[in-house]
Amino acid sequence: MKHIILHYAVCAALSVISVSAFASEHPDSIEHEICLDELSVTAIKQGSQLDYQAVSATSIARREIESLQISDAKAASNLVPNFFMPDYGSRITSSIYVRGLGARIDQPAVGLNIDNVPIMNKDNYDFDLPDIDRIEMLRGSQSTLFGRNTMGGLINIYTLSPMTFQGFRASAGYASGNTFKAAASFYAKPHNRLGLSLTAFYRSVGGFFTNAFNGEKCDHEKQVGGRTKLQWRPSSIVSIDNVLSLSLVRQGGYPYELVNQAISNLPDDEHKISRYNVGEISYNDTCFYRRTSVCDGLTVSADLGGARLSSITSYQFIDDNMTLDQDFLPASYFTLTQAKREHTVTQDFIAKSTSLSKYAWLAGLFGFYTSCHTHAAANLLNDGIHQLIENKYNANFSDNKIYWDSRRFILGSNFKTSNYGLAFYHQSSLHIGRLNLLAGVRFDYEHTALDYLSECSTGYTARRTADGSTLAHVDVNINDPGSLSQSFFEVIPKLSVTYDVPSAIKARIYASAAKGYKAGGFNTQMFSDVLQQRIMNTMGVGSSYNVDEIITYKPEHSWTFEAGTHAEWLNSRLHTDLSVFYIHCTDQQLTVFPDGNTTGRIMTNAGKTRSWGIELSLKANPMQNLDLAMSFGFTDARFIDFYDGKEDFSGKFIPYAPQNTIFASANYRFDVNKGPFKHIDIGVNTRTAGKIYWNEQNNVHQNLYALLGATVSFAGSNFALDFWGENLTDTNYKTFYFMSINNTFLQRGKPLQIGATLKINI
């Protein structure tokens, strides 16, 4: 409670404020040039002036990004109203929740573009990205222009341009958790039409959470990567940009602590589940995540007298391996390995009018192809064989008992998934006096196919209970190939109106209605459970899954209705953004755990849901050198119609999506101009999220929590030394909840962290 009181005290002191990019109030000349140039160059589809559009959007500029130590999208969580990206598991876990929409596995509800290139796989959302110049977060459905998986919004990240900055940048820092980060980049402009940059980075984390089983940190990490950016302007009307990036992640992760243990109902003379220490992270098998990713994006644009033609081409490659002790106990139930190799090619052609007439238009053609090979092997170990197979059978048949041949066998699955899509989209706008009308539509086709092979080779012996004599030996050999496919066609419209208010202030109001769409897919993680249940079903126990029903899930659809205003007051010293929204969603995709002693996760379609809420952002520059910011988001997201076959969840809150997000910050610059120092920046901020329900029953939740941060920066003409802290009150909060074989687990949020970073800019 004292942390929450402290949080609201800070919020009250900062009640005049905003989260958007207040850094532009006091930029140096280099920062200012970068902002202007990049806005005009990179905003290919949605336009550069978001304040003039019918969209809820937040832009975070480079000064704030560096002050808050933001190096990836996850670090921007809570800065943006109703935007929440929890930090749990490992870097394959990139769940994003916006306005009650989101998913823990498979396709996201929010898209991610880096330098115009769409990142197609959510598993590759989370990696460090040095030299971020600007982050834009567009909330509400962006499906008309950007297609699949942007029904909740879109994140645009732009990196520094060698056309506007030349020189050498380097940084190095050390922080709690034995964390070391270093980055170096070189920006050159050998010709006035040619720019080139080279960037490399390294990150090492010792860890914050200890596995009590072996006394080692379980959330250690090493990450290394690099990026090259080439920008060529062969003529005054043609621009060519190519960005090639490489990232390698080697990580532990998964610091899940046991909080509630299932009680065995087996007879006293049977083997019982051992008692484990509640509140402790303790597991005996290896957990890690490893990823190698490559992305190359080529953007070519040409101005053709009244229209601008652009082509965005990308190739993306992921090679990763997630290995888990899936029971997360110091026992031998399950381990899981999921290794995949994925190749993706995307192509987007955009034509956009550039004339200053009252009518403006945009049209595009987008296509993609993805091919992925996945090897998934679930190892059923001694305790799993005994508890989940042998005891289940022996409890139902008193005349005989079974004994497995081996205390370990593999439930193997191999998949080949292919996915391709083609879309045509168009948007027109008409400017009539102070009124701007916009209409758009997208015709989107997608096909996805799955070829699978499930296999298992094992066996057991049946013996009489009375004398222990052998009845029979049974070989279990399963080799099941199969194929599944789905096709989807969607028409995705959008309408909006914007009105410039005639007043002394710069203000405009808007209203919009937009359809959102998220593709369907396959629950490949369920194949190990399907195999396990099939084995047990042949023995006369267990369930029988219908593969077609449990493996496939349908697309998700939504309609978002929104009204809001953008305004500038007091000679642009105060900027305000206010929006209200209502979202009606059908077949919302939710991650649930199947009933019984299983470890799989399944994506299901949850009938109908609705969410409504309000978002407020303020930014103020009340006096020279002082920047204040605040954002507030409230979402009420509930099921309208969701019956899972056993329980009706209508009226319950949608899990994992926070009801509130709050961010507040104050930054003051002291101009000293003495010795090597030009100025000293002092900043304080607080981030809040909650209430978060962890399940559909709404009987487990995380209360509202606040994290206090601060930064002190000593800056010279070409260097800065930052001292910073996060979660300074050492608030105890949880970031994740789940169940495995009826045991309950939570992950704690990171504790107090302090660090120092030296930055050089030559």
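What follows draws every value from the coordinates through simple rules; no lab data is involved. Given the structure is predicted, the values throughout are model-derived calculations rather than measurements. Counting neighbours? That spans all protein chains shown, and the Cβs are built from the backbone with ideal geometry, glycine included.
Details
- Sequence-distant lysines (8 or more away, or on other chains) whose Cα lies within less than 16 Å of Lys515: Lys494, Lys608
- Listed residue pairs exceeding 24 Å between alpha carbons, taken from Lys74/Lys518; Lys45/Lys554; Lys122/Lys619; Lys45/Lys189; Lys416/Lys734; Lys358/Lys506: Lys45/Lys554; Lys122/Lys619; Lys45/Lys189; Lys416/Lys734
- Distance between modelled label sites at Lys691 and Ala511, nm, 7 Å Cα→Cβ extension: 3.3 nm
- Each helix, a run of at least 4 DSSP H residues, gives -39500 (n - 2.57); summed and divided by the residues of the chain, these come to -2000 deg cm²/dmol at 222 nm.
- Amide proton proximity set for Thr552, modelled H, under 5 Å, gap of 5+: Asn523
- Kirkwood hydrodynamic radius (C-alpha pairs) into Stokes-Einstein, region 617-702, 4 °C and 1.567 mPa s, D in µm²/s: 80 µm²/s
- Calculated SAXS-style log₁₀ I(q)/I(0) at q = 0.22 Å⁻¹ - region 418-500, Debye, Cα scatterers: -1.01
- Spin-label model distance (nm) - Asn699 vs Ala466, 7 Å beyond Cα toward Cβ: 4.5 nm
- Extension gain (nm, one decimal) between Ser457 and Met623, 0.36 nm per residue minus Cα-Cα: 52.4 nm
- Solvent-free Debye scattering, log10 I(q)/I(0), computed from the Cα coordinates of the chain at q = 0.05, 0.10 Å⁻¹: -0.27, -1.05
- Partners for Lys340 among aspartates and glutamates (Cα-Cα distance below 15 Å; same-chain residues under 8 apart left out): Asp106, Asp123, Asp319, Asp320, Asp451
- Extending 7 Å from the Cα toward the beta-carbon at both Thr228 and Ala395 defines two label points whose distance is 6.1 nm.
- Full-stretch length increase - Ala188, Leu365 - with 0.36 nm per residue and alpha-carbon distance subtracted: 60.3 nm
- In sequence order, calculated HN-Hα J values of region 719-725 (Karplus, 6.51, -1.76, 1.60; Hz; x Gly/Pro): 8, 8, 10, 9, 10, 9, x
- With R₀ set to 41 Å, the beta-carbon distance separating Phe714 from Val580 gives a calculated FRET efficiency near 0.45.
- Using the Cβ-Cβ distance between Ile240 and Tyr202 with R0 set to 51 Å, the FRET efficiency works out to roughly 0.95.
- For a straight C-alpha distance cut-off of 14 angstrom, the aspartates and glutamates reachable from Lys352 (same-chain residues fewer than eight places away being disregarded) are Asp303.
- Extended-chain gain in nm, criterion 0.36 nm per residue less alpha-carbon gap, His431 and Val491: 19.1 nm
- Residues of region 522-537 falling in the label zone of Asn479, defined by backbone nitrogen less than 19 Å from a point 7 Å along Cα to beta-carbon, are 531-532, 535.
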